[in-house]
2 protein chains.
Amino acid sequence: MGRESATDEEILEAVDRALRKHGYAKLTMQDIADESSKSKSLLHYHFDTKEDLLVAFLDDLLDSYEQRLECRSTDPPGERLMEFLARFVFAPGDEDREAFHLALLEMRSQGAFNDRIRERLVRSDRLLRTTVIDILEDGIEEGVFEPVDPERTAALLVATLDGARTRQITLGEENDSYTRTVVEELLERVIEPILTEEADLPTIEETLDDPDRQG
Amino acid sequence: MGRESATDEEILEAVDRALRKHGYAKLTMQDIADESSKSKSLLHYHFDTKEDLLVAFLDDLLDSYEQRLECRSTDPPGERLMEFLARFVFAPGDEDREAFHLALLEMRSQGAFNDRIRERLVRSDRLLRTTVIDILEDGIEEGVFEPVDPERTAALLVATLDGARTRQITLGEENDSYTRTVVEELLERVIEPILTEEADLPTIEETLDDPDRQG
């Protein structure tokens with residue numbers, strides 16, 4: 001669903017705050033109500049169950065991500081690829097973002113047993129992989145990337161970025177540059193070898209420092 | 001701790017079964033007692049809290065893994081690397097192993113807030129990365145691998161394998177060859193380019209089909 005009303009929008013923002021604060025496993029409707037100006041019974045009027053609310057939250061998150069991607073689809077493939085990789089680089093000490101991804105990780109581990117949650121996880125995986133596949137296909141067509149298998153390359157990149165993020169957020173301070181290291185290694189080992197002489201990739205530093213970058 | 005007594009051993013095996021059945025977030029001492037021949041009060045006699053029990057379980061798991069690695073440390077580096085990669089390939093439909101790794105994933109997402117659990121996660125990460133670093137260092141010394149940076153390469157490999165496994169177990173049936181695809185891509189994109197002419201790596205098929213392989 002899209003954000004159908006200001007009320008829904010406000011409720012979904014409360015879900016976001018409550019997830020960061022309490023995680024997924026122990027989240028209650030009351031926790032969500034506490035983060036919004038609405039009462040618990042009003043929440044129930046809009047969303048029957050906590051699961052409905054979380055499903056709406058995930059749908060909204062995926063819709064926004066999809067829209068953001070569409071805005072970028074005419075940029076050069078090299079820039080889009082670098083932007084995609086840079087999005088996974090986690091600044092050390094970004095506790096708010098860390099809390100959000102820890103809650104998502106809980107949802108992923110428990111969602112395997114819940115068809116409606118799993119459908120959204122599958123949609124999210126498809127969205128990530130399709131994004132990379134589109135970038136690679138465009139780049140191959142424009143002659144900036146070598147003709148690799150886009151699907152298999154996307155599976156590799158998405159798995160690597162996901163694994164690096166999971167490790168950084170679950171292992172604590174001494175691993176606070178895990179995503180950065182892994183993205184740099186991916187660039188050197190996997191991306192650079194598939195660039196043609198026509199390719200013109202911004203550096204990871206330029207991409208991370210770009211003030212127009214949508215985080 | 002090691003497996004100090006037959007009772008401890010039996011209890012830790014019950015933890016293993018209970019985790020696969022119930023996951024981590026909702027696991028109770030009663031669930032564990034139900035999987036063993038011991039009463040809940042006897043469990044409490046051996047382990048004060050559920051957390052103590054889970055910490056002992058993780059320590060035991062890590063000890064066993066460490067011992068298994070030591071047995072392999074004299075094999076050729078190429079074989080050890082392939083064995084390490086193959087260990088992450090998840091057979092489609094291996095529900096028991098899937099349940100175990102989903103429980104671990106829950107523990108990882110919630111363990112970030114628990115110092116004792118996080119210490120074990122950090123130990124596990126070090127163990128995995130050190131294993132790869134040792135293999136790479138031995139291989140570089142023996143002239144079978146190019147002189148890459150062992151630490152950064154290990155960070156890349158471990159993140160990639162972890163991410164592939166997480167995606168396979170959380171995304172359901174249509175992704176049941178995620179780990180296999182990603183390991184094949186890793187071999188082609190990351191491992192093959194660092195092999196010297198001296199290197200003699202078994203194939204992934206040979207490694208997965210090896211009846212002596214320790215799963």
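Out of residues 5 or more away from A:Phe145 or on other chains, whose amide H comes under 5 Å of its own, with H placed 1.01 Å from N in the peptide plane?
A:Ile140, A:Thr196
Distance check, please: which entries in A:Lys21/B:Lys21; B:Lys21/B:Lys50; A:Lys50/B:Lys40 exceed 24 angstrom between their Cα atoms? Don't skip to the answer; put the middle values down first.
Numbers: A:Lys21/B:Lys21 28 Å; B:Lys21/B:Lys50 16 Å; A:Lys50/B:Lys40 32 Å.
In this structure, A:Lys21/B:Lys21; A:Lys50/B:Lys40 exceed 24 Å between Cα atoms.
222 nm [θ] for the protein assembly as shown, helices only, -39500 (n - 2.57) per DSSP H run of 4+, per residue, to 500? Write down the numbers at each step before the final one.
Working: 20 runs with 289 residues, N = 430.
So the calculated ellipticity at 222 nm is -22000 deg cm²/dmol.
With a probe of 1.4 Å, find how much accessible area chain B has per residue, and write the answer as a whole number in Å².
Values: 9820 Å² over 215 residues.
So chain B comes to 46 Å² accessible per residue, rounded to a whole number.
Report the FRET efficiency, 1/(1 + (r/R0)^6), for B:Asp134 and A:Asp52, where r is their Cβ-Cβ distance and R0 is 56 Å, rounded to 0.05.
On the way: r = 50 Å, r/R0 = 0.89.
Using R0 = 56 Å, I get an efficiency of 0.65.
Could you tell me what percent of the accessible area of the protein assembly as shown is made up of carbon and sulfur, with a 1.4 Å probe and every protein chain present? Before the final figure, lay out the partial values.
Numbers: 8680 of 19620 Å².
Summing carbon and sulfur atoms, their accessible area is 44 percent of the total for the protein assembly as shown.
When averaged across all projection directions, what area in nm² does the alpha-carbon convex hull of chain B cover?
Values: hull surface 50.4 nm².
Taking a quarter of the hull surface, the average projection is 12.6 nm².
At most 11 other C-beta atoms within 10 Å and a DSSP loop state: those are the exposed GluC sites (Glu not before Pro) I care about. Give me the longest piece of chain A that has none.
On the way: sites that count: A:Glu4, A:Glu197, A:Glu198.
The reported range is A:5-196.
As a test question: what accessible area, to the nearest 10 Å², does B:Cys71 have when a 1.4 Å probe is rolled over all protein chains in place?
The value for B:Cys71 is about 90 Å².
Would you work out the charge dipole size for region B:118-202 about its Cα centre, treating the Cβ of every Lys and Arg as +1 and the Cβ of every Asp and Glu as -1, and quote it to the nearest 20 debye? Could you put the intermediate results ahead of the total?
Details: 10 positive and 21 negative charges, 154 e Å.
My answer is approximately 740 debye.
To the nearest Å, what is the center-to-center distance of region A:20-65 and region B:32-104, using C-alpha atoms only?
Taking the Cα centre of region B:32-104 as reference, the centre of region A:20-65 is 35 Å away.
Taking Cα pairs under 8 Å and at least six residues apart, what relative contact order does region A:72-208 come out at, in percent? Kindly include the intermediate steps, with their values, before the conclusion.
Details: 118 pairs, mean separation 54.3, N = 137.
RCO, region A:72-208: 40 percent.
Which value, in square angstrom to the nearest 100, describes the accessible area buried between chains A and B on both sides, using a 1.4 angstrom probe?
Details: alone 11700 and 11710 Å², together 19620 Å².
In total, this chain pair buries about 3800 Å².
Stokes-Einstein D for region B:93-163 at 10 °C, 1.306 mPa s, Kirkwood Rh over Cα pairs, in µm²/s?
Values: Rh = 13.9 Å.
Once the numbers are plugged in, D ends up at 114 µm²/s.
Can you give the convex hull volume per residue for the Cα atoms of the protein assembly as shown, as a whole number of Å³?
157
Of the candidates A:Tyr178, A:Tyr65, A:Tyr24, which one comes out as most mobile in a Gaussian network treatment of chain A with C-alpha springs shorter than 10 Å?
Top of the fluctuation ranking is A:Tyr65.
The values are calculated or read from the model by the stated rules, or taken from the named source; none is laboratory data. Bear in mind the structure is a predicted one, so any value in this text is a computation, not a measurement. In this analysis, Cβ positions are derived from the backbone assuming ideal geometry, glycine residues included, and neighbour counts consider all displayed protein chains. Only protein heavy atoms, including side chains, enter the accessible area calculation; ligands, DNA and RNA are left aside. Shrake-Rupley method; radii C 1.70, N 1.55, O 1.52, S 1.80 Å.
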